[in-house]
Every structure is written in C-alpha cells, then in structure tokens.
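Down below is the structure, laid out as structure tokens.
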Amino acid sequence: MLDISIIFKIAAMGVLLIVIDKVLKASGKEDIAVITNIAGIVIILITVISLVCYKINTDRIKELKRLKH
C-alpha cells in the first residue's frame with residue numbers, strides 16, 4: 001500500500017486543486033475557491049494521516065510478531 005503511486009495520487013490531488021482554484025478565480029468566485037482549497041487541503045491531510053497510521057500499525061504488528069518468536 002505504501003508505494004510511489006501514493007505520492008502521485010497526492011500530487012494529482014494538489015494539481016487538481018490548483019486547476020479548480022484558477023477556474024473559480026477566473027470566473028469571479030473567489031469565496032468558493034477558498035472553500036474548495038480548504039476542503040482539498042483537509043482531504044489531503046486526512047489521506048496522509050491515514051497512511052502514517054497504517055505504517056505505524058504495520059510496524060507494531062511486525063514488532064509483536066518478532067517478539068513472539
């Protein structure tokens with residue numbers, strides 16, 4: 001699960017946020033652009049936090065299995 005494709009997905013989310021921001025600002029909807037940016041940042045942070053938690057949990061499981069043997 002933790003491979004290079006995760007980095008590309010996070011980067012793609014960032015690029016998509018930039019495009020949506022530019023389109024909304026060009027159409028004069030700056031307030032919606034700000035809300036979209038905040039929502040996108042929250043989604044990216046949740047993704048990163050879940051990946052970090054997954055990594056920590058898998059490391060703990062490996063350590064517990066090593067201690068059992």
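A few points about this structure:
- The portion of the accessible surface of the chain made up by carbon and sulfur, rounded to a whole percent, is 74 (1.4 Å probe; DNA, RNA and ligands excluded).
- Counting lysine pairs in the chain that sit 8 or more residues apart in sequence, or on different chains, and whose Cα atoms lie under 27 Å apart gives 7.
- Heavy atoms of THR58 accessible to a 1.4 Å probe, total area in Å² rounded to 10: 40
- Candidates ALA26, ALA39, ALA12, ranked by Gaussian network fluctuation over the chain, Cα under 10 Å, top entry: ALA26
- Rolling a 1.4 Å probe across the protein heavy atoms gives the chain an accessible surface of 81 Å² per residue.
- Adding -39500 (n - 2.57) for every DSSP H run of four residues or longer, then dividing by how many residues the chain holds, sets the calculated 222 nm ellipticity at -32500 deg cm²/dmol.
- Solvent-accessible surface of protein heavy atoms, probed at 1.4 angstrom with all chains present, puts LEU64, LEU17 in the order LEU64, LEU17, largest first.
- With Cα atoms, 0 to 90° folded angle of helix 4-26 axis to the chain main axis: 20
- Between LYS29 and any residue 5 or more places off or on another chain, the built amide H atoms are never under 5 Å apart.
- In plain terms, the chain from ILE10 to ILE35 could stretch by 7.1 nm, reckoned as 0.36 nm per residue minus the Cα-Cα distance.
- Loop-located trypsin sites (Lys or Arg not before Pro) in the chain, at most 16 other Cβ atoms within 10 Å (DSSP): LYS29
- Charged side chains reduced to their Cβ positions (Lys and Arg at +1, Asp and Glu at -1) give the chain a dipole of some 460 debye around its Cα centre.
The values are calculated or read from the model by the stated rules, or taken from the named source; none is laboratory data. Here the structure is a predicted model, which means the values were calculated and not measured. In this analysis, Cβ positions are derived from the backbone assuming ideal geometry, glycine residues included, and neighbour counts consider all displayed protein chains. The area values use the complete protein model at the heavy-atom level, side chains included, leaving out ligands, DNA and RNA. Shrake-Rupley method; radii C 1.70, N 1.55, O 1.52, S 1.80 Å.
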